Amino acid sequence: MLGKIEHLGIAVKDLKKANQTYEKLLGRKPYKSEAVESEHVMTSFFKSGKNKIELLAATHEDSAIAKYIEKRGEGIHHVAFNVKDIKAELKRLEKEGFKILNHEPKKGADNKWVAFIHPKSANGVLVELCQEIEE
């Protein structure tokens, strides 16, 4: 089953400017910045209490984030949930009728295995499943 909200993903055009905005808003700097080459994005993570916010900026014009911003503009891109067993959760959700975007989890940012549920299956919201990668 889905656990707590792991983070909210926000698509931004300019990561440096967005970092400055969120530093002012939250009163702290990002605790981590990381490139995710497979997705052609650069990320920054902020903490706000027990919550996390991930800023995502495209590093290539053909990336999903670049296409998202071109179509919808900057803003909330996805909501991510913690799961204990991502493969089992993908099977359960597919059985429930959700459209799975990637059936095999892939390595994402912040030391997580990730997989996505199509927004058309979840009232227009892209849902990310996250499982901590155990070393």
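The values are calculated or read from the model by the stated rules, or taken from the named source; none is laboratory data. All values reported here derive from a predicted model rather than from experimental measurement. Accessible surface is based on the protein model in full, side chains and every heavy atom, while ligands, DNA and RNA are left aside. Shrake-Rupley method; radii C 1.70, N 1.55, O 1.52, S 1.80 Å.
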Next on the checklist: What's the whole-number percent of alpha carbon pairs in the stretch 24-82 lying beyond 16 angstrom?
Outcome noted: 50 percent
Checklist outcome for this item: Note on the stretch 28-135: contact order normalised by length, alpha-carbon pairs under 8 Å, 6 or more apart, percent, works out to 20 percent
Item to check | the chain - accessible surface per residue (Å², probe 1.4 Å) | outcome: 62 Å²
Checklist outcome for this item: GNM of the chain, Cα pairs under 10 angstrom: of LEU26, LEU56, LEU90, the biggest fluctuation goes to LEU26
Next on the checklist: Rolling a 1.4 angstrom probe over the protein chains, ignoring ligands and nucleic acids, what is the accessible area of SER48 in square angstrom, nearest 10?
Outcome noted: 40 Å²
Checklist outcome for this item: Restricted to the chain, the DSSP antiparallel beta bridge percent, nearest 5, is 75 percent
Checklist entry - With all protein chains present, how much of the accessible area of the stretch 1-59 (probe radius 1.4 Å) comes from carbon and sulfur, to the nearest whole percent? => result 55 percent
Checklist entry - Do the alpha carbons of any pairs in LYS32/LYS99; LYS4/LYS120; LYS24/LYS106 sit beyond 24 Å of each other, and which pairs? => result LYS32/LYS99; LYS24/LYS106
Next on the checklist: Can you show me the helix-derived [θ] at 222 nm for the chain, built from DSSP H runs with n ≥ 4 at -39,500 (n - 2.57) apiece and divided by the number of residues, rounded to the nearest 500.
Outcome noted: -7000 deg cm²/dmol
Next on the checklist: Let me test this: with uniform point scatterers at the alpha carbons of the chain, what is the Debye-based log₁₀ I(q)/I(0) at q = 0.17 1/Å?
Outcome noted: -0.92
